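The values are calculated or read from the model by the stated rules, or taken from the named source; none is laboratory data. Note that the structure is predicted; figures quoted are calculated from it, not measured. So basically every Cβ, Gly included, is an ideal-geometry build from the backbone, and we count neighbours across all protein chains shown.
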Amino acid sequence: MSLRLFNTLTRRVEPFEPLAPPRVTIYACGPTVWNYAHIGNFRTFLSQDLLRRYLEHIGYEVFQVMNITDVDDRIIAEASKAGKSVTEHTRPFAEAFFEDRDYLRIKPADVYPRATESIPPMIQLVQELLDRGVAYRAEDGSVYFGVDRFADYGRLSRLDRRELKAGARVDSDEYSKEDVRDFALWKAAAPEDEKVQAAWDAPFGRGRPGWHLECSAMALDELRRRFDVETLDIHAGGVDLVFPHHENEIAQSEAVTGQPFARFWVHGEFLMVGGTKMSKRYGNVLTVRDLREEGVDPAAVRMLFFQQHYRKQVNFTDEALAAAGKGAERIGELRKRLAQAAGGAEPSSSEAGEQLEREFREALDDDLNASSAVVAVSAFVTRANRALDEGEWGPEENAGALSALDHTLGVLRIAPIERVLDQDEAVWVESRILARREARESGDFATADAIRAELASRGIVLEDTGEGTRWRKVSG
Ligand code: AMP
Ligand code: ZN
């Protein structure tokens, strides 16, 4: 295991080592479910998926936490407009997020704590910060973190005090802060918050958590309860989160634990559109449901993103997506060809397969250089097609190459493979599962049952879990 990762904390590519191997704990800042996530958000989630899959591929046991932010200013404003509670407003968007995740074949995190369901650990963290004197309750009833009282503030983002001051803006509702850089841990309840049921009782006053606090509290809660530690192996997010979000997460956590909050900070670059960041604010977003309606193959989206290094920007165009789709198709076709040519031969290693695995690992070991990995797969596809054309490989070599390709693609996750399955079938199964869920949600249980039976007749068994529907192929 010789993975090297760029660590934002040190601004260097470093050998990756977890606190307690083989376990690797990852916390990734999840979606704010005020609306549908866009494919820019999903670029970040896909980079994290690649990281997680690769860690597992090389033998680590990953425990991944992704929070769902279901209370914040935007959510309160939207819920209020719609005359709903924050929970009512966010529920469908959280569900849509899980559907989109499954469509893009992102491996589910182990837990998805929701902010509104994690209020007790948040209150506890604020109390601990107050007890230690790094936080204070201001005249407006809110609790702020006193940045001056935490010596390491600014280490991650490397902004000096002057820059921090100049960059900070005072919100109109945060006038009673001692220092403009201070940030709210707990916001005193306003009538607007009460209206949408976004206020909770706490010893330091009724209110709601600040966004930065949510992540520290949920991450620490999971780490303490499950592993009795207070340090994450990896904390991940998009580059826009380095400051102030992650800087503040470090301050809140380390001020209480005295331990490093995360050993590695991994940040992914933006998805752009015509030179501008994809963002709701600029009105240039595309959602996963848009892509699904257009019939875009999720493998094309994965391919498009993996063709570029996660620390470089990707510019989204229809042409680039179509080209990525062609690349993914080529791999799918080779896989079918290999499966046919292999007949029933047991997978064994083959020279070509070993070379692919070697090149693939070299690429991903190097700070997850997925673009090089894709080049290696592509070269393999060319070599394998040529060998097949010339009848140079026997069934055993074919099976070996197939297993190498599957292994590889299992990481790139072009298709959900539990055993050798062709890509088209996997896409079909996923689409039937989605149709079944939609039928169930609209109360049409007869159709839902019929879909289950249809899948069963092809040897596909479904299992409904709290995280969605899983499937397995048992025969055929
Ligand atoms: P949000 O739902 O706004 O909290 O964002 C969820 C994740 O998406 C965060 O990790 C952001 O850094 C990331 N993100 C937001 N916009 C983009 C973009 N255009 N490209 C890549 N990642 C993004
Ligand atoms: Zn966060």
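Tabulated data
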| quantity | calculated |
| --- | --- |
| Check on Val266, surrounded by fewer than 21 Cβ atoms within 10 Å (Cβ to Cβ), within 20 Å of the chain's Cα centre (by Cα) and within 16 Å of ligand 1 (Cβ to nearest atom) | no |
| Residues of the stretch 56-83 satisfying the condition of being assigned to a loop (DSSP other than H, G, I, E, B) and under 12 Å from Trp34 (Cα atoms) | Asp70, Val71, Asp72 |
| Top-ranked residue in the stretch 26-55 [being over 12 Å from the mean Cα position of the chain (by Cα) and part of a strand (DSSP E or B); ranked as nearest to ligand 2 (Cβ to nearest atom)] | Thr32 |
| Sole residue being at pLDDT 95 or above and small (Gly, Ala, Ser), chosen from Gly141, Gly167, Gly154 | Gly141 |
| Any chance Glu117 is surrounded by fewer than 18 Cβ atoms within 10 Å (Cβ to Cβ) and under 21 Å from Leu185 (Cα atoms) | yes |
| Test: residue in the stretch 28-46 that is within 16 Å of ligand 1 (Cβ to nearest atom) and touching a Lys or Arg at 6+ places or on another chain (Cβ under 6 Å) | yes |
| Top-ranked residue in the stretch 423-454 [being in contact with a strand residue (DSSP E or B) (Cβ under 8 Å, 6 or more places away or on another chain) and at pLDDT 85 or above; ranked as nearest to Ile331 (Cα to Cα)] | Ile433 |
| Residues located in the stretch 324-364, provided they are in contact with an Asp or Glu (Cβ under 8 Å, 6 or more places away or on another chain), modelled with pLDDT of 85 or more and aliphatic (A, V, I, L, M) | Ala328 |
| Residue match in the stretch 208-216 (condition: assigned by TED's automatic domain parsing to the domain that holds Tyr60, more than 23 Å from the chain's Cα centre (by Cα) and within 18 Å of Met122 (Cα to Cα)) | yes |
| Long-range neighbours under 8 Å by Cβ, at least six apart or interchain, first residue under 12 Å from Phe264 (Cβ atoms) and of a type outside the set (Gly, Ala, Ser) within the stretch 24-41, second near ligand 1 (Cβ under 9 Å from one of its atoms) and not in a strand (DSSP E or B) | Ile26/Gln48 |
| Boolean, Ala415 is at pLDDT 85 or above and within 24 Å of Pro298 (Cβ to Cβ) | no |
| Spans of strands (runs of 3 or more DSSP E) in the stretch 195-298 with at least 2 residues within 16 Å of ligand 2 (Cβ to nearest atom) and under 30 Å from Ala323 (Cα atoms) | 232-238, 262-268 |
| Which listed residue, of Ser2, Ser47, is surrounded by 24 or more Cβ atoms within 10 Å (Cβ to Cβ) and either hydrophobic (A, V, I, L, M, F, W, C) or farther than 23 Å from Pro209 by Cβ (or both) | Ser47 |
| Output for the stretch 10-25, where each listed residue is surrounded by fewer than 22 Cβ atoms within 10 Å (Cβ to Cβ), in a loop (DSSP other than H, G, I, E, B) and either within 16 Å of ligand 2 (Cβ to nearest atom) or among the hydrophobic types (A, V, I, L, M, F, W, C) (or both) | Leu19, Ala20 |
| Any chance Ala109 is outside the structural domain of Ala435 (by TED's automatic domain parsing), surrounded by 17 or more Cβ atoms within 10 Å (Cβ to Cβ), of a type in the set (A, V, I, L, M, F, W, C) and not in a helix (DSSP H, G or I) | yes |
| Within the stretch 298-313, considering residues that are touching a Gly at 6+ places or on another chain (Cβ under 9 Å) and surrounded by 20 or more Cβ atoms within 10 Å (Cβ to Cβ), the one modelled with the highest pLDDT | Tyr310 |
| Single unsatisfied condition, Pro31 versus (1) surrounded by fewer than 23 Cβ atoms within 10 Å (Cβ to Cβ); (2) under 26 Å from Trp200 (Cβ atoms); (3) touching a helix residue (DSSP H, G or I) at 6+ places or on another chain (Cβ under 6 Å) | (1) |
| Residues of the stretch 108-124 that turn out to be in contact with a strand residue (DSSP E or B) (Cβ under 8 Å, 6 or more places away or on another chain) and over 16 Å from Ile68 (Cα atoms), as a count | 1 |
| Test: Ile75 is surrounded by 18 or more Cβ atoms within 10 Å (Cβ to Cβ) and near ligand 1 (Cβ under 10 Å from one of its atoms) | no |
| Selection status of Ser371, surrounded by fewer than 18 Cβ atoms within 10 Å (Cβ to Cβ), at pLDDT 70 or above and either assigned by TED's automatic domain parsing to the domain that holds Leu46 or not in a loop (DSSP other than H, G, I, E, B) (or both) | yes |
| Subset of the stretch 190-234 (residues that are hydroxyl-bearing (Ser, Thr, Tyr) and touching a Pro at 6+ places or on another chain (Cβ under 6 Å)) | Thr231 |
